[in-house]
1. For region 98-157, list the strands (runs of 3 or more DSSP E) that sit wholly inside it and hold at least 3 residues that are over 14 Å from Ile7 (Cα atoms); which are they?
2. Counting just the residues of region 77-97 that are part of a strand (DSSP E or B) and among the hydroxyl-bearing types (Ser, Thr, Tyr), which one comes out least open to solvent (accessible area, probe 1.4 Å)?
3. Tally the residues that are out of contact with any Cys (no Cβ under 8 Å at 6 or more places or on another chain) and either part of a loop (DSSP other than H, G, I, E, B) or exposed (fewer than 15 other Cβ atoms within 10 Å of the Cβ) (or both), restricting the search to region 14-38.
4. Considering only region 3-13, state which residues are at pLDDT below 95 and assigned to a loop (DSSP other than H, G, I, E, B).
5. For the condition surrounded by fewer than 14 Cβ atoms within 10 Å (Cβ to Cβ), in contact with a Ser or Thr (Cβ under 8 Å, 6 or more places away or on another chain) and farther than 12 Å from Ile32 by Cα, what is the one hit in Pro115, Pro159, Pro138, Pro166?
6. Could you look through region 85-136, keep only residues that are more than 24 Å from Trp65 (Cβ to Cβ) and without any contact (Cβ under 8 Å) to a residue 24 or more places away in the chain, and pick out the one that is nearest to the chain's Cα centre (by Cα)?
Amino acid sequence: MDYELEIGLVIGRQGRNVSPGEALDLLFGVTILNDFSARDVQGPEMSSGFGPAKGKDFATALGPWIATCDELDLHTLTMVARVDGEEWSRGSTASLTWKIEELVAYAACGETLWPGELLGSGTVGTGSGAEHGRSLQPGAVVELEISGLGVLRNRIGQPEPPGWLPEPRRSSTAR
């Protein structure tokens, strides 16, 4: 189990094919987003060609609230992750590969963004335990903090027993 420290982008106005200069006008606000990942499932999925489907499709945490874009400087927010009170990650929206307005403009390229949709920024650099060779254990408390947005706090539960998982197979050539 792993956390991913991201900023959530909440769309407030419909838009399509906008430039980065117009993209921030589509945003209602931002929140903290923890895009939890099951790395033990994600790894085999990626190597088997299934993609990161079930390794991502079980938990996403948001909150504790949404701040409107006029309340913050979206390009200088400090982002910190703590596990059981120990700091594991620290970054900033200034270090994101793509600026927030570029992410929104790309998401709107050839697609309509609708009010209420949520986009994830992608994990801030060093914003996951995997980047530090660490994983979360059942009972651990994960705290993600972004300046001006508060602290999102979640406790890791017990994993379910595994179901059927595919084994890698060789491709066969049709005759």
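1. Numbers: elements: 118-120, 141-146, 150-155.
In region 98-157, 150-155 are the strands (runs of 3 or more DSSP E) which contain 3 or more residues that are over 14 Å from Ile7 (Cα atoms).
2. Taking region 77-97 first, the residues part of a strand (DSSP E or B) are 78-83, 86-92.
With the extra rule that they be among the hydroxyl-bearing types (Ser, Thr, Tyr), the set shrinks to 78, 89, 92.
Values: Thr78: 57, Ser89: 4, Ser92: 29 Å².
Within region 77-97, the match that is least open to solvent (accessible area, probe 1.4 Å) is Ser89.
3. Residues of region 14-38 that are out of contact with any Cys (no Cβ under 8 Å at 6 or more places or on another chain), as a first pass: 14-16, 18-23, 25-26, 31-38.
Add one more test, that the residue is either part of a loop (DSSP other than H, G, I, E, B) or exposed (fewer than 15 other Cβ atoms within 10 Å of the Cβ) (or both), and what stays is 14, 16, 18-19, 21-22, 25, 35-36, 38.
The total comes to 10.
4. Result: Tyr3, single match.
5. Details: Pro115 fails: in contact with a Ser or Thr (Cβ under 8 Å, 6 or more places away or on another chain); Pro159 fails: in contact with a Ser or Thr (Cβ under 8 Å, 6 or more places away or on another chain); Pro138 fails: in contact with a Ser or Thr (Cβ under 8 Å, 6 or more places away or on another chain).
Exactly one of Pro115, Pro159, Pro138, Pro166 is surrounded by fewer than 14 Cβ atoms within 10 Å (Cβ to Cβ), in contact with a Ser or Thr (Cβ under 8 Å, 6 or more places away or on another chain) and farther than 12 Å from Ile32 by Cα, namely Pro166.
6. Selected residue: Tyr106.
The values are calculated or read from the model by the stated rules, or taken from the named source; none is laboratory data. Bear in mind that the values here come from a model prediction, so they are computed numbers and not experimental data. Glycine also receives a Cβ, built like all others from the backbone with ideal geometry; neighbour counts cover every protein chain displayed. Side chains are part of the model used for accessible areas, which takes the heavy atoms of the whole protein and leaves out ligands, DNA and RNA. Shrake-Rupley method; radii C 1.70, N 1.55, O 1.52, S 1.80 Å.
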